[in-house]
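Here is the structure we will look at.
The values are calculated or read from the model by the stated rules, or taken from the named source; none is laboratory data. Computed from a predicted model, the values in this text were never measured in an experiment. Methodologically, a virtual Cβ is constructed for each residue, glycine included, from the backbone with ideal geometry; neighbour enumeration extends over all protein chains shown.
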Amino acid sequence: MFRTEESSKGSFLQQTKAAREERANEKRREAAITYIQANVRGWLARIRFTKTILEDYDTILTEELNTEGTVQLKPALQVYKLISKFLLIYKKERDEKRLERLCRYLVQTLDSESLKLSYVGVALNKDYSISWISQMKSVLHHCLSGLEDLRPDRLSDHKSILLRLHTLVSFTSAGTWAILRVKTMEKFRNGMNQLCANIMGHLVNCGFYVVMKVLLVRGLGRATIALKPVALSAAVTLSLRPLISSQMSDKLVSMFLINVCSVPALIHHLNVMSPECISALTSHNLFTRSLELLNSEQNLRIVFNALEGNYALCLLANLIQLANIERDEVLKDLYFPSFTFVVTRMLEACQQYVVAKQSNLTYWHPVLGCFAQSVDTTLQQAIPHVKLQLACLWNGKIVSQLIGSPLSELVEKEMQYQPDQQSTSIGTNIFRRAFLEARTNRNNSNKNYRKLGSPEATRIALICSLYQTALHTLTQMKLDILTGLCYQDKFLYHMWLFLCTLGPYCGLKAFLDHLAANTKCTAPEFQMLILFADCMTHYVTILDDMEMYEQQFPFKLSDFITMSYFLNQFLYKAVLNNLFDVKTVSSNPLFTSLHTLLMALYRRDCRRTFCPDGHWLAKLSIYAYNYYEVRVSGFLADLEKGRRGAALLLSKMPHVIPHSERVVLFRKHVSDEKAVLGLTVSACNSPPSTLIAVHRSRIVEDGYRQLAMLPSQALKGVIRVRFVNEQGLDEAGIDQDGVFKEFLEETIKRVFDPSLNLFRATTENRLYPSPTSSMQENHLQLFEFVGRMLGKAVYEGIVVDVPFASFFVSQFSGQAGGALYSWLDELASLDRDLYRSLTLVKHFKGDVRQLELTFSLDEDVLGKLVTHELVPGGRAVPVTNQSKINYIHLMAHFRMHTQIKDQTSAFIKGFRSIINPDWLSLFSTPELQRLISGDNVPLDLKDLRRHTQYYGGFHDSHRVVCWLWDILEKDFSEEERGLFLKFVTSCSKSPLLGFAHLEPPFSIRCVEVGDDEDTGDTIGSVIRGFFTIRKKDPQNRLPTSSTCFNLLKLPNYQKKSTLREKLRYAVTSNTGFELS
């Protein structure tokens, strides 16, 4: 019973709960229905309300024209009330056209002088003035915000842009309001101007400058400008108004710089399209005010942090062009320090985004190079204009007034006190003149020189720091900057003269002392030195021989001599005194720049001498021509001890030690390597050797077949040669080193024969790879083999008479092909006529297009005319005055590199497989040629006689031997003495270290004594020879030689005249291919 009562109670409660929930749901449904109905009614009411307003708006503000061709003006108060309603329901997507119709109407009302019709009249009604201002702010804000969505490159959008800009211009300045021209209204002008400033301030707070930036970038950041001059002028005029009304406040000038002046090439386009805007900028001293603002580190940081690196660069470019068009009298006081400081800091700020190496995290910027930020694609098309703006920094009046004029003034003062001796021409002997000039410098060592820390020196140094920073930041314009500075009103020459005023030899001691105090090389004075070195390197690189050696303007050869002395001594002493960190010296900008210029001058001197003998050797004395060379033994001892300074000098400046000592070092490197490889007797009792059999008639073929694939280490070892004669029999001398020398000489003689077409001879009989060598089967493998054979000759110290063209020696020695290497300089060693023709093109005074040259080259190849293009499509690209320098360098590069690059690469591969490239850095191009072919000096007969060995009864006092030396000294010419040396050693030049190092030693044997009777140059041999030698005069016999043993076989002539006649005939009739 109780269970039944509990069950009915639970059911009752559930029913009650369900009923309660049902009532709650019913209430919610009723509330929802009411809410929906209210919203629908409200929506419908708004639709009706909006429709009514829009119908009234479209009815009242029509574009119907009256009889005078203008829109019929309505009462201003009526229009005001209509606009107030319109703004309540304004939607951007729906009402853009209505807003533009309103703008057009409002602008037209400003031409009316009636208070009732001019829309400005409403502002003069005290009941509506405040609400009118609020309404105009709203209208103009809508007008402004719509500009963000418009594209200037579309014609329809451009019309809208013009209309909106016109409206903004009209209502932010009272100058064009016709109503104020009424006499009774003149008193309201100041109030109206304040009203306009108030409206403009509201727009600035609503993002006015951001919208202007978007508009200007879209219109100007293109290859073809999309904005018309009217629109551009309106935009800039609007942007200037807040600055003018605020009297150039810091905040608004910052906003202007960040948003307007950072637009790509803005000033450039204004200068072309809107000169009146440029006048407005200058009249309001925008440039001066900008410099004042940016001179503060804090303000500069604020401006730069608000910009991406791309736009910071554009801001810098615009400021530079503003300086270029600014009035001279204004700039005179701004260039230093304001302009210098601001530009330097902005360049440094841009530099923080420039990275040294390209990676997946970098982007390529056409001005800055590898860039840490993504490059805005809208800027890419505007970059050429930005480059033109940046170029104003090193071209034109900026560089002239910034540093050119101050340098000229300083130098002209100093030139008044120069001694007369320096301007005196002492004949044509430049060495003597340089010596006397140096002596004059010593005598005037007490002269009052300018100190490095003086105000003049500091100013020049800081300005140079600006340009040095530009070189490191604008990496892709480096050549343009260097070229602009090098040829800007003698800037470079005046800089050189200024450096000469800092102390003896360009302030050598002052700079060394300064470096000791500032080892990081960050001082402005070092930036000045780096800039001069970089510019001078560029100048020397593009300087041809006519300009350097003949014209000598403005730089004289004596200037280059003094300059090279300063560089040589500064670097030598700085390294020796540990003023440079040896570990990081390769990345030290001061060392790198000075060393690059030093080596450019050194290579120029090696190619065509202008410095006196011993000039490049390191001196203990401070004076240039006081030859107290460093102790070579001490230097070599430092090398042995592994001191880094000595090793650095040897690798970077080997010329500071005498050439003969470097040859000794080279031979030491070779002997050390042989010892390491176990190729010497001391290292191994029986050094490994390779035996090859070579047929006399197939020397090259057999040698190539057996040696080409031999490992380099084996080729560096002993090579035994067995000659096979025409009958197929082995010749004697299998184990004699002289046999290999003969094989090497014969191989080299044949492969370098131009008839084989592997090599060609210049007009001066100098050898270089033949461009048509591909006609020869496996020609590249042959070039590699030839390189290995020549490398083996150098490795073993065997002198071979192979005169190469100097440009080819530069290539396989590793001294060609760098960024600062000028192919034109060495073109004369290949084709002197072509070099002369290209020089004439370079110096052609008129329009070079008259010569009808193109970037192509026609060449006769086996009777077929082949055209080579120097650039893609070059046969259709004419050479102009602007491109002629590029043309002549491309032509030289093609002839000396492109045509033979495969052959050269193969030769280098073979040569360097034997000779370590680091060893080659010890020698200049001419020195390497001397290492290959011997010393190009007159034959030293005394040295040869001192190291001669005699056989077969001959001795040094023998009558025939004395005749021989007497004939060589007194009867033979220098040329005949060279032919004699070639006759007995196969090379017309002396060994580099003298005949003591000739292997095998030179020897003379009497041919009447057989080998079995000869015991050498001994007393017994002499006595035996005395009885053996026939007394009959062998008039029909000629002297002969065995060049593989450096042996002269001389008959026992009875008359001196017979010896003279036969010897002259023998040496001048030497058969075989003559190379020189």
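In segment 296-313, the qualifying residues are those that are part of a helix (DSSP H, G or I) and not hydrophobic (A, V, I, L, M, F, W, C), and the one that is surrounded by the fewest Cβ atoms within 10 Å (Cβ to Cβ) is 298. Has segment 49-70 got at least one residue that is hydrophobic (A, V, I, L, M, F, W, C), at pLDDT 90 or above and assigned by TED's automatic domain parsing to the domain that holds residue 101? Checked segment 49-70: no residue is hydrophobic (A, V, I, L, M, F, W, C), at pLDDT 90 or above and assigned by TED's automatic domain parsing to the domain that holds residue 101. Residue 764 fulfils the conditions (1) surrounded by 20 or more Cβ atoms within 10 Å (Cβ to Cβ); (2) among the charged types (D, E, K, R); (3) within 38 Å of the chain's Cα centre (by Cα) except for a single criterion, (1). In summary, strands (runs of 3 or more DSSP E) completely within segment 848-952 and bearing 3 or more residues that are in contact with a helix residue (DSSP H, G or I) (Cβ under 7 Å, 6 or more places away or on another chain), of a type outside the set (Lys, Arg) and assigned by TED's automatic domain parsing to the domain that holds residue 838 occur at 864-869.
Within segment 466-508, which residues are among the aromatic types (Phe, Trp, Tyr) and in contact (Cβ under 8 Å) with a residue 60 or more places away in the chain? So that I can check it myself, show each step before the final result.
As a first pass, look at segment 466-508 and keep what is among the aromatic types (Phe, Trp, Tyr): 467, 487, 491, 493, 496, 498, 505.
Listed by number, the residues that qualify are 467, 491, 493, 496, 498, 505.
Look at segment 372-401: where a residue is over 16 Å from residue 218 (Cα atoms) and a partner is β-branched (Val, Ile, Thr) and in a helix (DSSP H, G or I), sitting 6+ places away or on another chain with Cβ atoms under 6 Å, you get 389/320; 392/320; 392/398; 393/320; 394/481. Quick one: which residue in 103, 143 is under 18 Å from residue 178 (Cβ atoms), modelled with pLDDT of 90 or more and not assigned by TED's automatic domain parsing to the domain that holds residue 52? Unique residue meeting the criteria: 103. Residue count for segment 470-491 satisfying the condition of being under 9 Å from the mean Cα position of the chain (by Cα) and of a type in the set (Lys, Arg): 1. Of the residues in segment 325-345, at least one is closer than 23 Å to residue 396 by Cα, among the basic types (Lys, Arg) and part of a helix (DSSP H, G or I).
Scanning segment 836-864 for residues that are free of Cβ contacts under 8 Å to residues at least 12 places away in the same chain and closer than 17 Å to residue 894 by Cα yields a total of 5. Considering 438, 434, 470, the condition of being farther than 16 Å from residue 405 by Cα and at pLDDT 95 or above is satisfied by 470 alone. Among the conditions (1) part of a helix (DSSP H, G or I); (2) within 29 Å of residue 117 (Cβ to Cβ), residue 37 misses just one, which is (2).
Somewhere in segment 994-1002, is a residue in a strand (DSSP E or B) and at pLDDT 80 or above? Checked segment 994-1002: no residue is in a strand (DSSP E or B) and at pLDDT 80 or above. Write out, first by first residue and then by second, each pair whose Cβ atoms fall under 6 Å of each other, whose residues are 6+ apart or on separate chains, and whose first residue, in segment 314-333, is surrounded by 13 or more Cβ atoms within 10 Å (Cβ to Cβ) while the second is among the hydroxyl-bearing types (Ser, Thr, Tyr) and not in a helix (DSSP H, G or I). Final answer for the pair search is 314/262; 315/262. Across segment 794-814, the number of residues qualifying as within 21 Å of residue 673 (Cβ to Cβ), surrounded by 20 or more Cβ atoms within 10 Å (Cβ to Cβ) and among the small types (Gly, Ala, Ser) comes to 1. Residue count for segment 474-511, restricted to those that are acidic (Asp, Glu) and in a helix (DSSP H, G or I): 1.
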